[in-house]
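Before any comments, here is the structure.
All of the numbers you see were taken from the coordinates with simple rules; none came from a lab. What you see is a predicted model; the values in this text were computed from it and never measured. Cβ coordinates were reconstructed from backbone atoms using ideal geometry, including for glycine residues, and neighbour counts include every protein chain displayed.
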Amino acid sequence: MLRLDMNLVFNMLNLIVLYLLLRHFLIQPVMGIMNKRQAMIENSISNARNSEGQAAEIKKQYEEKLAASSQEGSKIIEEAKNQAKVQYDRILSDAGEEAGRVITEAQRKVEADQEKALNEAKAQIAGLVIAAAAKVVNQEVSALSNKALYDSFIAEAGDSHDAGSN
Amino acid sequence: MLSLRKEVSITEDLAEKLLEELTCETVFTIPIFGGIPIAESVVVTWIIMAALTLLSICLVRNLKVENPGRKQQVLEMAVGGLYSFFDDLIGEEGRRYVPYLISVAIYIGVANLIGLLGLKPPTKDLNTTAALAIISIVLIEYAGFHRKGLKGFIKSFAEPVAIIAPINILELFIKPLSLCMRLFGNVLGAFVVMELIKLLVPAFLPIPFSMYFDIFDGLIQAYVFVFLTALFIKEAVE
C-alpha cells in the first residue's frame, strides 16, 4: 500500500509524456483555433470601423459636391438670366430702331409720292392752262415758248396765290 | 460463543479483502537489472494516456475557425474554460505553465474517476501522487527561478524577512508532501469507505455514496491539487 520504488520514476515520466501529448494534441490545436477566431473577429471589427470611416468620408465629400453643384447651378441660372436680359434688351432696341426706320421710310415715301403727285398735277394743270389759253387766245404759237411762258405765269400766279394765302 | 467466533472471522475476512484491494499489485516485471516491477498504477496511467491521446486526436480533427460544430463548441468551451480558469488564477507571468496545469487537471480527474470502470485508480498508489507532487514542486521552483533568476530565486527564500528563511526552505518539502498526501489520503480513504459499504450492503446503498466518494470527491481533489499548484506558481512568479 505504502510503497515507493522505481514506479515513482515511471509515473513521473508518464506525467511528462502525458503533458507533452495533451499539449500537442489537445491544448495547442484548440487554443490555436480559438486565438485564430479571436484574431479574425478583431480583424473584421477593425475592417468594419475602417469602412465606416470611409463611408463617412465619402458621404462628406458627396455632400460637399452636392452643395457645390447646387451653388454652381444657381450661378448658371443667374448667368443665363443675365444673358437673357441682355438679349431681350438688345432685341427690343433693335426692334425699336427697325420700327423707327420703317416709319421714317414710309414717311419719306409718302412725301415723295405727294411731291410726285403734286408735280403731275402741276404738269396737267399747265397742259390744261395751255389748252385753255390756246382756246382763249385762239392763235397758234410756238408750243415750246408758250409753255415756258405759261409755266412762269403759273409759277408767278402760284407764288402770288401762296403769298396771298399766307 | 460460536456466533462471536463467526463475527471475528467475518471481520478478519473483511480486513483481508480490504488489504487485498488496497495493495498495488505488480502487473509484470521487466527482467533486467534483476527485475523492475511495474505497478498497476503505471499500467493504468498508460491506459489513461492512450485513451486521452486518442480522444484528443479524434476531437481535434476538423476544427474550424468559422461555424464550429456542436462537438467543437463543447470542446472549446471545456478547454477554453480550463485555460481561462488557470489563466485568471496564475496571471500573465505564469501563462506558459497553463498547459501543464490543464494536463494535470485532466489526468487526476480521469484517474480518480477510472475506478468507475473497474480499474484501480492510479492516484490510490503513493508512487503516482508522489510523482505528481514532485513534478509540481520542481515546476513551482523552476517558475520562480525562471522569473527571478538565480539571485532573485535565492533571495526569495528570505522574504518577507530573513528570519523565516528556514521555514521557506522547509516549505520546499512541505508543499509537495501535503499535495501528495492530500490526494493520496482522500482517494485511499474514499476507496476504503466505498469498499466497506460495498462489502456490507452490496445493493442500492453504495449508489449515493459512490456519487460522493467516487465522483464528487475525485473531481474536488483534482481541482484542489491543480488549484494549489497554480497558486504556488503564481506566488513563485510574483
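Helix-derived [θ] at 222 nm for chain B: sum -39500 (n - 2.57) over DSSP H runs of at least 4, divide by residue count, nearest 500? All intermediate terms of the calculation are to be shown ahead of the outcome.
Numbers: 8 runs with 171 residues, N = 238.
That comes out to -25000 deg cm²/dmol.
Would you mind ranking B:38, B:114 so that the residue whose beta carbon has the fewest other beta carbons within 10 Å leads the list?
Numbers: B:38 16, B:114 21.
Ranking B:38, B:114 by Cβ neighbours within 10 Å, fewest first, gives B:38, B:114.
So which aspartates and glutamates can residue A:65 reach, going by Cα to Cα under 15 Å and dropping same-chain residues fewer than 8 places off? Straight-distance partners of residue A:65: A:57.
With r as the distance between the Cβ atoms of residue B:67 and residue B:169 and R0 = 45 Å, compute the FRET efficiency 1/(1 + (r/R0)^6) and round to 0.05. So the FRET efficiency works out to roughly 0.25.
Taking label positions 7 Å along the Cα-Cβ direction at both residue B:9 and residue A:13, the computed distance is 4.8 nm, reported to one decimal.
If R0 equals 41 Å, the separation of the Cβ atoms of residue A:61 and residue A:87 corresponds to a calculated FRET efficiency of about 0.60. Helix B:217-237 axis versus longest C-alpha principal axis of chain B: approximately 20°, rounded to the nearest ten.
Take peptide B:70-77, look around each residue's Cβ out to 10 angstrom, count Cβ atoms belonging to other protein chains, and average those counts.
Working: counts 0, 0, 2, 0, 0, 4, 5, 0.
Counting Cβ atoms of other protein chains within 10 Å of each residue's Cβ and averaging gives 1.
Peptide packing: for B:177-183, A:126-132, B:203-209, the average count of neighbouring Cβ atoms within 10 Å per residue gives the ranking B:177-183, A:126-132, B:203-209, highest mean first.
Inverting the mean 1/r over all pairs of different Cα atoms, compute the Kirkwood radius of chain A and quote it in Å.
Numbers: mean 1/r = 0.0335 Å⁻¹.
After inverting the pairwise mean of 1/r, the radius is 29.8 Å.
Exposure proxy check: B:234, B:120, A:135 ranked by fewest other beta carbons within 10 Å? Kindly include the intermediate steps, with their values, before the conclusion.
Values: B:234 18, B:120 21, A:135 8.
Fewest-to-most ranking of B:234, B:120, A:135: A:135, B:234, B:120.
Which of A:61, A:29, A:95 sits farthest toward the positive end of the charge dipole of chain A, with +1 on the Cβ of Lys and Arg and -1 on the Cβ of Asp and Glu? In chain A, that residue is A:29. Rounded to the nearest 10 degrees, the angle from helix B:2-22 to the longest Cα principal axis of chain B is 30 degrees.
Output the pairs from B:148/B:234; B:17/B:124; A:109/A:147; B:71/B:124; B:151/B:234 with a Cα-Cα distance over 22 Å in this structure; if there are none, say none.
On the way: B:148/B:234 13 Å; B:17/B:124 16 Å; A:109/A:147 30 Å; B:71/B:124 33 Å; B:151/B:234 19 Å.
Checking Cα-Cα distances, A:109/A:147; B:71/B:124 exceed 22 Å.
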